[in-house]
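Any read-out appearing in this document is the output of simple, stated calculations on the displayed coordinates, not a laboratory observation. Nothing here was measured: the structure is a model prediction, and the numbers come from that model. Heads up, the Cβs are rebuilt from the backbone with ideal geometry, glycines too, and the neighbour counts pull from every protein chain shown.
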Amino acid sequence: MPTIGEQLRAAREAQGLAIDDAHRHTKIHAKILHAMEEDRTDDVLEPAYARGFLKKYATFLNLDPEPLVQEYLRSPTTTTTASPLAGGRSGGPASHGDPLRPPEAEAAPARWVGPAAVAVTAALGLTFLGVLVRDLYQTVSAPSATVRAPAAAKASGTGYKPVPGTGIATPAPKPLVPKSQPLKLSIRAAQDCWMQVKADGKVLFQNVLKKGSEEIWTASDDLELWVGNAAALSLTLNGRALDPLGGGVQKGVRVTRSGIQRPKASS
């Protein structure tokens, strides 16, 4: 099984990122990034600091940080020795704004934050109440599309859905996999490809799928894929070939009973 450092390095290289790129985005010192990828974290950081850096770096690389942090905590090499890079016993914790400072080491909030937070919360509450009343009025006053839908659609109760704004019922798309069967996703790699596979929200695979390898994962509702070289993969769902994922890095691609669902592009 690959070490924590090997998983971090493989994920970074699969996305075409250099250590300097990771340093610019995470503000984590390059020496610490090198140490984490070489499984020398305890040489430069205390465990309390190391957990924060590891979680931040894994999240940046689109990895699930919790399994990596738990694996680090189980490591017999984890010690409480002070680190010169992290401040140490003599130097104290790193100063505010220092790229070596972990996420958990943020300074305590100023005294005025409490009253300000209360005022902001009250303002947001009034705004939310206004939106809720407006939406409730629109819901009650607007004509129901279901009432205007054809009688056949209402009588069947299944297989039809109203077109928004028209009240016209149209056949719902037929799923590729019926609800009576579990999802069985097969992935074959034409080239080495780093990937993460989640089934029903649980991470099942987080590694490099070697060239020529084929793996099968099962889920009840859906699977989620994060891949570094999408063009190298061929997907089959319950024996039925799916459309190509495309090229490059693909994030948050879901495979459901209806097939592949890509995340909406952020505006």
Mind listing the long-range amide H neighbours of Lys27? Cut-off is under 5 Å, sequence gap 5 or more, other chains count too, H placed in the peptide plane at 1.01 Å from N. none
In whole Hz, what ³J(HN,Hα) sequence does segment 204-211 give by Karplus (6.51, -1.76, 1.60; θ = phi - 60°), x for Gly and Pro? 9, 8, 8, 6, 8, 8, 5, 4
In sequence order, what are the phi-derived ³J(HN,Hα) couplings for segment 59-69 according to the Karplus relation 6.51 cos²θ - 1.76 cosθ + 1.60 with θ = phi - 60°, rounded to whole Hz, with x for glycine and proline? 5, 4, 8, 6, 9, 6, x, 4, x, 5, 5
Could you compute the FRET efficiency for Lys211 and Arg40, with r as their C-beta to C-beta distance and R0 at 25 Å, rounded to 0.05? 0.25
For Lys202, go through the lysines and keep the ones whose alpha-carbon is under 26 Å away, minus same-chain ones fewer than eight residues off. Lys55, Lys56, Lys179, Lys184, Lys210, Lys211, Lys251, Lys264
Order by protection proxy (mean Cβ within 10 Å, highest first), peptides 53-62, 67-76: 53-62, 67-76
